[in-house]
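Since the structure comes first, as structure tokens, the remarks are kept for the end.
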Amino acid sequence: MTHLAVFEVPPTKPANACVIWLHGLGASNRDFVSALPHIPLPPALAVQYIFPQAPNRPVTVNNGHVMPAWYDIFELAIDRKIDEKHILEAAAEIELIIAAQIRKGFKAERIILAGFSQGGAVAIQAALSSQFAIGGLIVLSSYVALSAPLANHKPHLHWPVLIQHGRQDTVVPLLLGEKAASHFRHAGFKVEFQAYAMEHSLCIESLAAMGKWLGEVLA
């Protein structure tokens, strides 16, 4: 059982798919609930959304202030320096959530991992280190924090990847999203990369495209 608090948004009919969605630095696990009505899904697709909450911890780049954070960030250089122990612990917690959903009856291929910013880095790590062949990965305004798992990933567990990024993102530069797409492509994953006229956020267009991708992947 995970140590993380989890907020769930069930569909209006029996769920046949699950999206585990991780928030960004300093945020809440309810931040993206308001985005759900803007994600159009096919009538046959009923998604159970699960939003874990990151633990509170001091964050070095924010003057040591305590806030919800999946891991500490030591430097905000283009190649971020982070606490690797924290991100591995976070990925292990997400693995427990995946396992719990499988025990509830979801098949692994019907489970999608998603994450925004820091949550996206954890989602990448969790997906790559998971023992389960999940259905796919959504990376929102994020980056690959630890590149080693990409080289070691088992080809038979490959799943589709959607990466969305803002062209005006000054928090996580577009270059990092492009590098993430390149990393995954070189490792043999099927990657769809989308850039939008937005900052470090989501937009109606990106959410619509996310819904289309989910509908295709989970058809």
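The sole residue among A77, A54, A46, A123 that is buried (at least 21 other Cβ atoms within 10 Å of the Cβ), within 26 Å of F193 (Cα to Cα) and not polar (S, T, N, Q) is A123. Close Cβ contacts (under 7 Å, 6 or more residues apart or on different chains) running from residues in region 6-21 that are surrounded by 14 or more Cβ atoms within 10 Å (Cβ to Cβ) to residues that are among the charged types (D, E, K, R) and outside any loop (DSSP other than H, G, I, E, B) comprise N16/R110; A17/R110; C18/R110. Has region 90-104 got any residue that is without any contact (Cβ under 8 Å) to a residue 60 or more places away in the chain, more than 27 Å from A209 (Cβ to Cβ) and surrounded by 21 or more Cβ atoms within 10 Å (Cβ to Cβ)? Checked region 90-104: no residue is without any contact (Cβ under 8 Å) to a residue 60 or more places away in the chain, more than 27 Å from A209 (Cβ to Cβ) and surrounded by 21 or more Cβ atoms within 10 Å (Cβ to Cβ). Among (1) within 24 Å of K85 (Cβ to Cβ); (2) of a type outside the set (K, R); (3) assigned to a strand (DSSP E or B), which single condition is E8 missing? That leaves (1) as the condition not met. Of all residues in region 1-34, those that are farther than 22 Å from Q125 by Cβ, within 15 Å of the chain's Cα centre (by Cα) and of a type in the set (A, V, I, L, M) total 1.
When the residues of region 22-43 are filtered to those that are farther than 20 Å from A208 by Cα and touching a helix residue (DSSP H, G or I) at 6+ places or on another chain (Cβ under 9 Å), which remaining residue is surrounded by the most Cβ atoms within 10 Å (Cβ to Cβ)? Out of the qualifying residues, it is G24. Take the residues of region 35-50 that are of a type in the set (A, V, I, L, M) and outside any helix (DSSP H, G or I): which is farthest from the chain's Cα centre (by Cα)? Going through the qualifying residues, I end up with A44.
Please work out if K179 is touching a residue at least 12 places away in the same chain (Cβ under 8 Å) and farther than 16 Å from V47 by Cα. Steps first, please.
Working: touching a residue at least 12 places away in the same chain (Cβ under 8 Å): yes; farther than 16 Å from V47 by Cα: yes.
Answer is yes for this residue.
Of all the criteria given as (1) in a loop (DSSP other than H, G, I, E, B); (2) in contact (Cβ under 8 Å) with a residue 40 or more places away in the chain, the one not satisfied by D79 is (2). No other residue among I82, I20 is in contact with a strand residue (DSSP E or B) (Cβ under 6 Å, 6 or more places away or on another chain), over 26 Å from P160 (Cα atoms) and not polar (S, T, N, Q) apart from I82.
When region 58-74 is filtered for residues that are in contact (Cβ under 8 Å) with a residue 24 or more places away in the chain and either crowded, with 16+ Cβ neighbours inside 10 Å or hydroxyl-bearing (S, T, Y) (or both), the ones remaining, listed by number, are V59, P68, A69, W70, Y71, I73.
Read-outs throughout are calculated quantities, based only on the coordinates presented, and are distinct from any laboratory measurement. Just so you know, these numbers come straight off a predicted model, no measurement behind them. A quick note on method: Cβ atoms are made from the backbone with ideal geometry, for glycine too, and the neighbour counts reach across all protein chains shown.
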